[in-house]
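The values are calculated or read from the model by the stated rules, or taken from the named source; none is laboratory data. None of the values given here were measured: they were computed from a predicted structure. SASA here: full protein model, heavy atoms, side chains in, ligands and nucleic acids out. Shrake-Rupley method; radii C 1.70, N 1.55, O 1.52, S 1.80 Å.
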Amino acid sequence: MQKAFLLFIPLLIWGCEQDYDNVIDTSTENYQVSFIVGIKDTVDLKIPADSLLSLRLIFTPQSVVNKSFFSIIASDFTQLNSTPIEMVEILDNLFENQFILTSQNPNGNYTVKFSVTDFNGTNKQVAVSNFYFNNGQDNLPPLISNTVVDPDTVVVTQPTVLFTSVEAMDPNGSSDILEVYFVVYRPDGTTNNNKVLLFDDGNITNGDQIAGDGIYSRLIQVDQSNQKGTYRFEFQAEDRPGALSNIINHYVLIQ
């Protein structure tokens, strides 16, 4: 049975006496974070792998803290908890709680944001921690298919908008896809190697119809200044660990 591996950067092991680098200055408040501690534990359940993330937030003895919370932002920038998770005060000014990361969470860099609510009801962020999460699954590259460039033959007498799209999937889950793009090669074979990113955000301005359906789209414009001839659009995708998909070339004639 595979296990998930959790690497904290730079959380402290319980008992180390070292100031935490990412504590936010709250010197104007009546509380100040002294330490943040991450205790790693791996739990084997019926699903392939779970990691129990235990967090402790320690304030200076002089601090007056009402409540403390944390939120976790995954590598795909989604917040894993729908509302801030309240921590339990197990000793004076020492707060603790846990969160389970599963094999369904994407690989990559995560952020934990800690906040405090004072006795006046004011909430303020007090510390930030970053760590790398490996969900324990063997990484497989993404796969792209069904490229579209419409129209793919253009007689340019005025600026013309082209609709481009491609379907992309990843065996490790859609959240493992980092980017989907194409690179344009001119009729003379030259290219600036710039990636033209496609979107799956449901924003019609980008040309995408439905968010999260696996179809990545982009609207681009050509005009009379474009070199005449056959262009090659090289479509590809990359996942968060850096694996590249297959390449599909789509040809576009500009006259």
How many percent of the accessible area of the stretch 101-255 is carbon or sulfur, using a 1.4 Å probe?
49 percent
Spatial separation of Cα centroids for the stretch 64-122 and the stretch 238-255, in angstrom
38 Å
Averaged per residue, what accessible area in Å² does the stretch 204-255 show with a 1.4 Å probe, protein chains only?
51 Å²
Give me the accessible area per residue for the stretch 83-129, probe 1.4 Å, as a whole number in Å².
50 Å²
